[in-house]
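> Take this structure, written in structure tokens, and hold onto it; I'll ask about it next.
The values are calculated or read from the model by the stated rules, or taken from the named source; none is laboratory data. Keep in mind the model is a prediction, meaning the values are calculated, not measured. Counting neighbours? That spans all protein chains shown, and the Cβs are built from the backbone with ideal geometry, glycine included.
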Amino acid sequence: MRPLLFLCLVAFVATAGPDAPEDVKHPRSPESPLTVVFTPWYCTQCVKEERCEARDGPFSVMHMDLMDFAKHCDLDKKWLYIETKNFKIVSTLGKSKIKFKHNRYARGDIERLKTIFPKLKPGRDGILLNAHQRAHLYHIRAERVYGHFAALTDNKKPWLGMQGHYQLFLLDDFNEYHTFADDFVGRAQKLAGVQQHVKEKPNFNMFATSEQQVSRTKGKGDSTMQNWFVHNLTHLFIDGYNNYYRETWAWLEEGLAHYYEKMENPRHNTFCFAEGAPPKSFLKPDWRPIIYGLVRRGKDPGLARWCEKLQPGELSGTENGMTWSIVEWLVETEPVRFTKLLNELNDYKAKQNASQCIQKAFGVTPSVLHERWRKYVLDTYK
Ligand SMILES: [Zn+2]
Ligand SMILES: [Zn+2]
């Protein structure tokens, strides 16, 4: 296959300054902006509009020729395909209003989007994007969150070390998604989304969703869709990290997904199907007072008791909510040790349990780690 030809090689760095909108920061250097690299890209619609150069295929998703795939899934005739450094994205999403107040990085992302669509004119509160522009907003969001996770873990390998692109199927219509889930995954048809990773050849790591179903089950509008997207994207990253395609402990996997999601927007709080019903005690957007109350009253179950569990459904609602706080504390105060913890985890080879990995990365038992976290909560959440 010919190398990617690209229109634009500029990496966008948010402009600093007192009046600049808040934008994404480097996870290992919180005072510095993170350079978000979302070029080069190839897009079937951009080729028609001369925003990127054509290139020879063949293009494939799920090990199927792209055109055959679109026909097989009866995709809306306006479907488009975007290929970036780390993602293959098939989108049939429709137009949507993007409201700045609903996402911490929305203004920065729209500035980045303007490098693809220079005529975009955002209003004071937001902007209405057409289907093509919105698909690229998701392309930018995906590479931004990827860039943050890669910088956090200092992982410079292509696709975080996997054998190929992460694949995202952002479908509008429930029937398109249903056909996809039936034929390529074989489960989860009624859910708002499904992730699947397979390490053995033909390998893949994908997430598919239907916005119609997200609207019905999670809430309407782009900001709900985005939280859902970011939560699931994080699951793909940790599953594919270093090509392990692992079954990560529930506290780490869900904690990281909640962490990334709440960093974007604390408003929606996705709880995956696997986590069960959202815990009633964690329905408010700000979880800090809830967690502070639990710790102050000594009602926080000790991490040592639940750190080995693999399925989020095995955790109680309180434990599922606590995962966010523990992971946020580890990522933001000990990013290097947090990375060591991830690097220790290889369920294909070493098969170490969570206690062993915590001991190697942090030099303490899960009980001691939990006590340190409690102290942090009592000192900083008040
Ligand atoms: Zn395009
Ligand atoms: Zn989840």
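> Across region 372-382, what is the number of residues that are touching a residue at least 24 places away in the same chain (Cβ under 8 Å) and either outside any helix (DSSP H, G or I) or among the β-branched types (Val, Ile, Thr) (or both)?
3
> Cβ-Cβ under 9 Å, sequence separation 6+ or interchain: first residue in region 292-307 and in the same structural domain as Gln359 (by TED's automatic domain parsing) and at pLDDT 95 or above, partner charged (D, E, K, R) and assigned to a loop (DSSP other than H, G, I, E, B). Which pairs?
Listed pairs, sorted by first residue: Tyr292/Lys382; Gly293/Lys299; Leu294/Asp300; Arg296/Lys382.
> Please list, ordered by first then second residue, the pairs with beta carbon atoms under 9 Å, 6 or more apart or interchain, first in region 345-370 and closer than 16 Å to Lys199 by Cβ and touching a residue at least 60 places away in the same chain (Cβ under 8 Å), second part of a loop (DSSP other than H, G, I, E, B) and of a type in the set (D, E, K, R).
Within 9 Å, the pairs are Leu345/Arg246; Asn346/Arg246; Asp347/Arg246; Asp347/Glu247; Tyr348/Lys199; Tyr348/Arg246.
> Pick from region 228-244 the residues that are over 27 Å from Glu211 (Cβ atoms) and of a type in the set (Phe, Trp, Tyr): which of them is farthest from the chain's Cα centre (by Cα)?
Restricting attention to region 228-244, the residues satisfying the condition of being over 27 Å from Glu211 (Cβ atoms) are 241-244.
Going one step further and asking which of them are of a type in the set (Phe, Trp, Tyr), we end up with 241, 244.
Working: Tyr241: 13, Tyr244: 18 Å.
Filtering region 228-244 for residues that are over 27 Å from Glu211 (Cβ atoms) and of a type in the set (Phe, Trp, Tyr), the one farthest from the chain's Cα centre (by Cα) comes out as Tyr244.
> Can you pull out the residues in region 288-327 that are surrounded by 20 or more Cβ atoms within 10 Å (Cβ to Cβ) and within 23 Å of Phe149 (Cβ to Cβ)?
Leu303, Cys307, Pro312, Leu315, Asn320, Gly321, Met322, Thr323, Trp324, Ser325, Ile326, Val327
> Is there a residue in region 248-255 that is among the small types (Gly, Ala, Ser), away from ligand 1 (no atom under 16 Å from the Cβ), at pLDDT 80 or above and in contact with a Pro (Cβ under 9 Å, 6 or more places away or on another chain)? Give the steps one after another, and end with the answer.
Narrowing region 248-255 to residues among the small types (Gly, Ala, Ser): 250, 255.
Still in the running and away from ligand 1 (no atom under 16 Å from the Cβ): 250, 255.
Okay, now just the ones that are also at pLDDT 80 or above, so 250, 255.
Those still in the list that are in contact with a Pro (Cβ under 9 Å, 6 or more places away or on another chain) too: 250.
Yes: region 248-255 contains one or more residues that are among the small types (Gly, Ala, Ser), away from ligand 1 (no atom under 16 Å from the Cβ), at pLDDT 80 or above and in contact with a Pro (Cβ under 9 Å, 6 or more places away or on another chain).
Table: residues versus (1) more than 25 Å from Gly298 (Cβ to Cβ); (2) among the acidic types (Asp, Glu); (3) outside any helix (DSSP H, G or I); (4) not assigned by TED's automatic domain parsing to the domain that holds Met162.
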position: Glu332; (1), (2), (3), (4): no, yes, no, yes
position: Thr339; (1), (2), (3), (4): yes, no, no, yes
position: Asn343; (1), (2), (3), (4): yes, no, no, yes
position: Gln352; (1), (2), (3), (4): yes, no, yes, yes
position: Gln356; (1), (2), (3), (4): yes, no, no, yes
position: Lys360; (1), (2), (3), (4): yes, no, no, yes
position: His370; (1), (2), (3), (4): no, no, no, yes
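> Give the residue that is farthest from Ala150 (Cα to Cα), with candidates limited to residues of region 31-43 that are hydrophobic (A, V, I, L, M, F, W, C), within 16 Å of ligand 1 (Cβ to nearest atom) and in a loop (DSSP other than H, G, I, E, B). Steps first, answer last, please.
Within region 31-43, the subset hydrophobic (A, V, I, L, M, F, W, C) is 34, 36-38, 41, 43.
From what's left, within 16 Å of ligand 1 (Cβ to nearest atom): 38, 41, 43.
Next, from what is left, pick out any that are in a loop (DSSP other than H, G, I, E, B): 38, 41.
Working: Phe38: 14, Trp41: 19 Å.
Here the residue is Trp41.
> So which residues in region 334-382 are among the polar types (S, T, N, Q) and surrounded by fewer than 13 Cβ atoms within 10 Å (Cβ to Cβ)?
Initial filter on region 334-382 (among the polar types (S, T, N, Q)): 339, 343, 346, 352-353, 355-356, 359, 365, 367, 380.
Across region 334-382, the qualifying residue is only Thr380.
> Now a separate question. Pick from His132, His136, His102: which is more than 30 Å from Glu200 (Cβ to Cβ) and modelled with pLDDT under 95? Reasoning before the result, please.
Values: His132 fails: modelled with pLDDT under 95; His136 fails: modelled with pLDDT under 95.
Among His132, His136, His102, only His102 is more than 30 Å from Glu200 (Cβ to Cβ) and modelled with pLDDT under 95.
> Another one. So is Val194 buried (at least 19 other Cβ atoms within 10 Å of the Cβ), within 23 Å of Ala131 (Cβ to Cβ), at pLDDT below 90 and within 13 Å of ligand 2 (Cβ to nearest atom) or not?
Values: buried (at least 19 other Cβ atoms within 10 Å of the Cβ): yes; within 23 Å of Ala131 (Cβ to Cβ): yes; at pLDDT below 90: yes; within 13 Å of ligand 2 (Cβ to nearest atom): yes.
The answer is yes for Val194.
> It is to be established whether one or more residues within region 158-180 are without any contact (Cβ under 8 Å) to a residue 40 or more places away in the chain, surrounded by 23 or more Cβ atoms within 10 Å (Cβ to Cβ), away from ligand 2 (no atom under 16 Å from the Cβ) and not aliphatic (A, V, I, L, M). Full working, then the answer.
Quick first cut of region 158-180, residues without any contact (Cβ under 8 Å) to a residue 40 or more places away in the chain only: 174, 177-178.
If we keep only those that are surrounded by 23 or more Cβ atoms within 10 Å (Cβ to Cβ) as well, we get 177.
With the extra rule that they be away from ligand 2 (no atom under 16 Å from the Cβ), the set shrinks to 177.
Those left that are additionally not aliphatic (A, V, I, L, M): 177.
Yes, region 158-180 contains a residue that is without any contact (Cβ under 8 Å) to a residue 40 or more places away in the chain, surrounded by 23 or more Cβ atoms within 10 Å (Cβ to Cβ), away from ligand 2 (no atom under 16 Å from the Cβ) and not aliphatic (A, V, I, L, M).
> Moving on to the next point. Tell me which strands (runs of 3 or more DSSP E) are completely within region 89-186 and hold 2 or more residues being away from ligand 1 (no atom under 14 Å from the Cβ) and under 30 Å from Ser29 (Cβ atoms), or say none if there are none.
The qualifying strands (runs of 3 or more DSSP E) are 96-99, 166-171.
> Follow-up question, since we're still on this one. Assess whether Leu236 counts as being within 16 Å of ligand 1 (Cβ to nearest atom) and in contact (Cβ under 8 Å) with a residue 60 or more places away in the chain.
So Leu236 does not fit the description; no.
> Please enumerate the residues belonging to region 205-237 that are hydrophobic (A, V, I, L, M, F, W, C) and either assigned to a helix (DSSP H, G or I) or surrounded by fewer than 24 Cβ atoms within 10 Å (Cβ to Cβ) (or both).
Pass one, region 205-237, residues hydrophobic (A, V, I, L, M, F, W, C): 206-208, 214, 225, 228-230, 233, 236-237.
Within region 205-237, Met206, Phe207, Val214, Met225, Trp228, Phe229, Val230, Leu233, Leu236, Phe237 qualify.
> Out of all the residues in region 242-278, which are surrounded by 19 or more Cβ atoms within 10 Å (Cβ to Cβ) and not in a helix (DSSP H, G or I)?
Matches in region 242-278: Tyr244, Tyr245, Arg246, Thr248, Trp249, Asn265, His268, Asn269, Thr270, Phe271, Cys272.
> Sticking with this structure for a sec: When you scan region 44-88, how many residues do you find that are in a loop (DSSP other than H, G, I, E, B) and not hydrophobic (A, V, I, L, M, F, W, C)? Explain how you work it out, then say what you get.
Kept after step one, since they are in a loop (DSSP other than H, G, I, E, B), are these residues of region 44-88: 49-59, 62-63, 73-79, 84-86.
With the extra rule that they be not hydrophobic (A, V, I, L, M, F, W, C), the set shrinks to 49-51, 53, 55-58, 63, 74, 76-78, 84-86.
Qualifying residue count for the region: 16.
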